[in-house]
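This report concerns only the one structure given below.
The values are calculated or read from the model by the stated rules, or taken from the named source; none is laboratory data. Bear in mind the structure is a predicted one, so any value in this text is a computation, not a measurement. Positions of Cβ are generated from backbone atoms using ideal geometry, with glycine treated the same way; all protein chains shown enter the neighbour counts. Heavy atoms of the whole protein, side chains included, go into the accessibility calculation; ligands, DNA and RNA do not. Shrake-Rupley method; radii C 1.70, N 1.55, O 1.52, S 1.80 Å.
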Amino acid sequence: MRGTASNYVGYTIRISDYKDSDCIVTFLTEENVLTFRARGIKKIKSKNRNAISPLTKSEVTLLQMGESLTLSEAKQISAPKLNGDFLLNSCFSFLNELNSKIVDSDETSELYEWLDEAMNFLNQKNDEYLTPCLIYFAQFLRLEGYGLDVDDCVVCGKKNDIVGISLSKGGFLCREHLEFEFEKKEPRFLKIIRFCFRCSPKDMNRVHFEKKECLRCIAYLSEFYEQSAGEKLRSLEYLRLAS
Ligand SMILES: [Zn+2]
């Protein structure tokens, strides 16, 4: 018995083993996050194997039988262009690790546009890989519910005289509410962090921050993520080594 077939365009964000040669695939589309079963996908001969890979954009035909979705066909639209560049590969690992940690919520599908822009960027540019990774990370945090308040002082709401960030309070601090020396940050750092949380997907193509700046911000946000979600990002070390 065949179910109803529907087509979707999106990214494979997670693949988990299921039985001998099947997988359960988590697929991010512009509208939602789909979970479907891909039969025989682990077999070398599987025609859908290449299209269902991490960070790969594809068009899938899914069959619905009751509540469950099964993959019928997958056509690859674009795949990460692995070119032997250690930094680029590390960026892909980083995005992949973030995606593996996505907890599906109402806002998760908003990440699609960001991921799409980031992947277009990484697949086209020859350098400057870290800026889209940083922006994607900030947006991942925001949409996963770990956003930082970057519009005003998180304690009093004052918009001017912002001099630092408190990770425990979750946002910017004005001079008056800065408690510890380590919370103090220079204007450029605050500006970049604010930009990454506030920008739009198309901005990934417009801005470029220095490698060092990106790494510092990514490391800082990782610390925040670790504190808030209790999750460690292992691929961060590759980014450091590759830069
Ligand atoms: Zn304040």
Got a number for the accessible area of T4? Probe 1.4 Å, square angstrom, nearest 10.
-> 100
How large, in Å, is the stretch 141-243 by the Kirkwood hydrodynamic radius built from its alpha-carbon pairs?
-> 14.5
Given the pairs K43/K202; K81/K184; K45/K202; K75/K212; K81/K211, which are separated by over 28 angstrom at their Cα positions?
-> K43/K202; K81/K184; K45/K202; K75/K212
Note the angle between two axes, namely the Cα long axis of helix 111-124 and the longest principal axis of the Cα atoms of the chain, as a number of degrees from 0 to 90, rounded to the nearest 10.
-> 90
Proximal aspartates and glutamates to K47, defined as alpha-carbon separation beneath 12 angstrom and excluding residues fewer than eight positions away on the same chain = E73
Between the DSSP loop rule and a limit of at most 10 other Cβ atoms within 10 Å, which chymotrypsin sites (Phe, Trp or Tyr not before Pro) in the stretch 120-217 are left?
-> F180
Any idea what angle helix 187-198 forms with the longest principal axis of the chain, computed on alpha-carbon atoms, 0 to 90 degrees, nearest 10?
-> 30
Under a 1.4 Å probe, what is the accessible area of the stretch 4-78 per residue, stated in Å²?
-> 54
Given 4 °C and 1.567 mPa s, how large is the Stokes-Einstein diffusion coefficient of the chain in µm²/s, with Rh as the Kirkwood radius over Cα pairs?
-> 67
Summing Lys, Arg as +1 and Asp, Glu as -1, what charge do residues with Cβ under 12 Å from the Cβ of V163 carry, V163 excluded?
-> -2
Please quote Rg/Rh for the stretch 115-187 to two decimal places, taking the Kirkwood radius as Rh and restricting both calculations to Cα atoms.
-> 1.11
Can you give the Rg to Rh ratio of the stretch 4-78, both from alpha-carbon atoms, with Rh computed by the Kirkwood formula?
-> 0.92
Calculate the dipole size of the chain relative to its Cα centre from +1 charges on Lys and Arg beta carbons and -1 charges on Asp and Glu beta carbons; express the result in debye to the nearest 20.
-> 860
Compute the convex hull volume of the Cα atoms of the stretch 168-209, divide it by the residue count, and report the result per residue in Å³ as a whole number.
-> 85
To the nearest 10 degrees, how steep is helix 130-143 against the longest Cα principal axis of the chain, on a 0 to 90 scale?
-> 90
If you rank S168, S243 by how much accessible surface each has, with a 1.4 Å probe, what is the order from largest down?
-> S168, S243
Dividing the helical contributions, -39500 (n - 2.57) per DSSP H run of n ≥ 4, by the residues of the chain yields a 222 nm value, nearest 500 deg cm²/dmol, of -10500 deg cm²/dmol
